[in-house]
Amino acid sequence: MSIDSRRAFLYPGAGRGGPRLSAHEVMRRILAMTIRPITIHGEPVLHRRAQEVERIDDSIRELVADMIETQDAAHGVGLAAPQVGVGLRIFTYSFADSGDQPSRAVIINPRLRLIGKVSKESADPEEESEGCLSAPGYNYPLKRSEHVEITGLDLRGEPLRFEATGWFARILQHEYDHLDGYLYVNRLDPKWARRWKKAVKKEGWNQPGLTWLPGVDPDPFGHDEPEDLAEPEGLVEPENLAEPEGLVEHDGAGQSKGTGSAERGFSSYPG
């Protein structure tokens with residue numbers, strides 16, 4: 001991630017008639033970017049509705065920068081502010097197969113509309129399993145709408161709106177759920193909900209104060225295993241990302257497309 005990219009991310013107005021930053025200030029902010037601990041199921045902030053962002057200021061920009069760094073370190077494709085302990089309506093995502101829409105973005109104060117109905121059929125564990133950085137190491141199948149519309153604000157406070165389909169739509173629904181106090185495991189059908197309940201008891205995830213730190217704790221989805229496993233198609237690699245205006249050159253929704261297993265296992269799409 002270049003200094004120019006980080007400058008654009010932390011202060012999107014710079015260079016386009018907005019305030020300019022000194023090299024010293026840019027470096028100070030870059031060094032201040034932090035990988036934050038990820039909250040685990042049972043932490044109250046994950047289970048209540050997040051609050052609207054009232055003003056996009058330096059504290060919000062630096063929070064989002066930290067979220068991007070944390071998302072990268074966790075090998076995620078999405079991350080919501082409550083997952084780093086902040087009860088604000090912000091999420092980031094990074095997904096290569098986004099069609100004509102940005103493959104990377106932050107969305108502030110989003111609103112999500114389901115365009116396609118959610119099928120009543122059972123979810124396919126081979127093709128429709130999700131994972132979540134706040135339920136680390138577990139995957140369960142879940143039906144989602146195949147077509148959604150999202151609106152909100154970008155980091156400059158400019159309105160955005162676009163539609164998404166397929167796995168991209170799933171990512172947006174997963175992250176949006178976090179802002180309303182839901183994890184994907186709260187939407188499981190009874191069979192998988194029973195298994196999740198057993199997992200919570202086994203892991204002790206019914207109390208506050210539990211976190212894990214990407215890059216320090218073992219990766220719960222197996223990304224620190226030997227690199228002889230093929231990368232699933234669609235996983236965003238930071239060096240291959242096209243940089244949308246005002247965002248950094250780095251990568252986090254909670255999916256494990258085609259992992260072939262539910263419950264404990266590898267996931268390439270946690271968020």
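Here are some notes:
- Qualifying position, being under 24 Å from Ile40 (Cα atoms), of a type in the set (Lys, Arg) and either within 15 Å of the chain's Cα centre (by Cα) or assigned to a strand (DSSP E or B) (or both), among Arg113, Arg170, Arg161, Arg195: Arg170
- Scanning segment 144-168 for residues that are surrounded by 19 or more Cβ atoms within 10 Å (Cβ to Cβ) and of a type in the set (Val, Ile, Thr) turns up Val148, Ile150.
- Total residues in segment 166-213 satisfying the condition of being over 23 Å from Ala123 (Cα atoms) and at pLDDT 95 or above: the figure is 12.
- Residues located in segment 76-97, provided they are touching a Phe, Trp or Tyr at 6+ places or on another chain (Cβ under 7 Å) and closer than 17 Å to His223 by Cβ: Val77, Gly78, Leu79, Phe95
- Exclusive hit being surrounded by fewer than 20 Cβ atoms within 10 Å (Cβ to Cβ), part of a loop (DSSP other than H, G, I, E, B) and at pLDDT below 95, set Arg49, Arg20: Arg20
The values are calculated or read from the model by the stated rules, or taken from the named source; none is laboratory data. These numbers come from a predicted model, not from an experiment. Glycine also receives a Cβ, built like all others from the backbone with ideal geometry; neighbour counts cover every protein chain displayed.
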